[in-house]
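Here's the structure we're looking at; comments come further down.
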Amino acid sequence: MFAWTSVVPLLSIALVGIGAAMPVGALLASIAGLALIGSVLASVHHAEVVAHRVGEPFGTLILAIAVTVIEVALIVSMMLAGGPDKSALPRDTIFSAIMIICNGAVGLCVVVGGVRHREQSFRLEGANAALAALIALATLSLVLPTFTISSPGASYTAKQLAFAAVASLVLWGVFVFVQTIRHRDYFLPPQGAGDETAHAPPPSAKAAWASFALLFVSLIGVIGLAKLLSPTLERAVDAAGAPPTVIGIVIALLVLSPETWAAVRAARADRLQTSMNLALGSALASIGLTIPVVALVSTLLGMPLQLGLGPKDLVLLLLTFAVGTITLGTGRTNVMQGAVHLVIFAAFVFLAFVP
């Protein structure tokens with residue numbers, strides 16, 4: 001008999017096919033919503049199986065790359081379908097991903113871990129390296145286009161865009177090399193850190209490969225269902241009179257839900273290092289993989305690309321990095337730090353509705 005973690009992803013793929021062949025009514029939307037939740041939980045389960053087999057930081061890296069690759073495919077498909085009207089979609093998605101991960105996910109992990117374990121620890125070397133790379137990538141991709149003068153609006157020229165794309169890919173590649181080979185110990189739990197699952201026997205190679213395959217099936221189901229439900233969400237947002245940017249936030253929340261849930265589970269099990277690896281690695285992958293791909297698509301097809309953030313979002317990004325530097329500056333966390341990040345995330349969501 002198949003476990004639900006194997007059945008639900010396959011059912012999700014079937015629902016995506018049904019939704020592509022017929023109109024999405026209230027009943028299908030409700031079923032798709034439940035399947036989406038099930039696919040998120042299934043993807044987290046399979047990611048944890050793979051992570052337990054290959055060890056850290058490879059397990060978190062696999063989930064981060066898998067989600068980001070599918071996220072990039074979703075962005076590109078929506079750009080091609082929407083044309084010039086979607087010129088700001090990559091910017092909105094990347095910015096939303098940074099705010100969701102660096103404030104929502106990190107804040108929730110720190111609060112959940114702090115409530116259960118009072119204080120938790122992580123390696124400063126790995127966290128600071130990741131944060132430095134993230135600040136540089138975000139500045140090159142989302143901040144500088146607002147202030148350059150070679151092209152109109154918050155955009156890059158073709159040469160500037162090419163430089164930003166290459167720099168993003170190189171910096172992300174160097175980080176992955178450091179994380180997995182050169183300084184892998186920077187991303188392993190510090191000495192004395194607890195781990196409630198440390199003594200669980202690792203899965204067999206066969207089970208790990210099966211979970212690896214089902215992980216991708218689950219993530220494809222999550223993205224497919226998110227795209228299937230997006231028209232329903234757009235109608236709901238229009239009916240509520242909310243700004244169109246809210247759609248990007250909702251889609252980003254759905255796409256990043258597997259990583260967020262996996263990170264929170266790790267923090268609750270006293271594995272905050274895993275949570276930090278997953279959160280910061282996901283934010284880096286979101287920029288390092290998305291910018292080169294959308295830059296290539298924009299250049300080849302001659303599509304406009306608006307990357308620069310407006311004043312409100314620039315302030316929120318600066319606040320996020322300033323607080324993140326403090327949170328990651330000691331190697332230990334408590335509930336207060338998590339609460340600050342969650343308040344910033346709440347401000348981001350509130351100001352999206354009331355700009």
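Laboratory data are not the source of any read-out in this text; all were calculated from the coordinates shown. What you see is a predicted model, and the numbers here were worked out from it, not measured in a lab. Methodologically, a virtual Cβ is constructed for each residue, glycine included, from the backbone with ideal geometry; neighbour enumeration extends over all protein chains shown.
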Beyond 40 Å, the calculated P(r) of the chain holds a percent of Cα-Cα pairs equal to 10 percent
The answer for the net charge of residues other than Leu142 whose Cβ lies under 15 angstrom from its Cβ, with Lys and Arg +1 and Asp and Glu -1, is 0
The relative contact order of the chain, taking Cα pairs under 8 Å that sit 6 or more residues apart, comes to a percentage of 39 percent
Excluding near-sequence neighbours (fewer than 8 apart on one chain), the chain holds lysine pairs with C-alpha atoms under 30 Å apart numbering 5
Diffusion coefficient in µm²/s returned for the stretch 1-67 by Stokes-Einstein, Kirkwood Rh over C-alpha pairs, 4 °C and 1.567 mPa s, is 98 µm²/s
Rounded to one decimal in nm, the spacing of the 7 Å Cα→Cβ label points at Phe147 and Ile326 is 2.3 nm
Check: C-alpha center the stretch 222-275 vs C-alpha center the stretch 63-137, spacing in Å is 11 Å
So, for the Cα atoms of the stretch 96-146, Rg and Dmax in Å stand at 13.7, 43
Result row for the chain, helices from DSSP H with C-alpha axial extent 18 Å or more and mean Kyte hydropathy at least 1.0, is 4-21, 26-54, 58-82, 124-138, 158-177, 205-240, 245-268, 272-301, 311-327, 335-353
Mean 1/r over distinct Cα pairs of the stretch 90-211, inverted to a Kirkwood Rh in Å, yields 17.7 Å
proj_area_mean for the stretch 1-115 (convex hull on C-alpha atoms), units nm², value 10.2 nm²
The stretch 194-294: spread of alpha-carbon positions along the three principal axes, whole Å, largest first, is 52, 29, 28
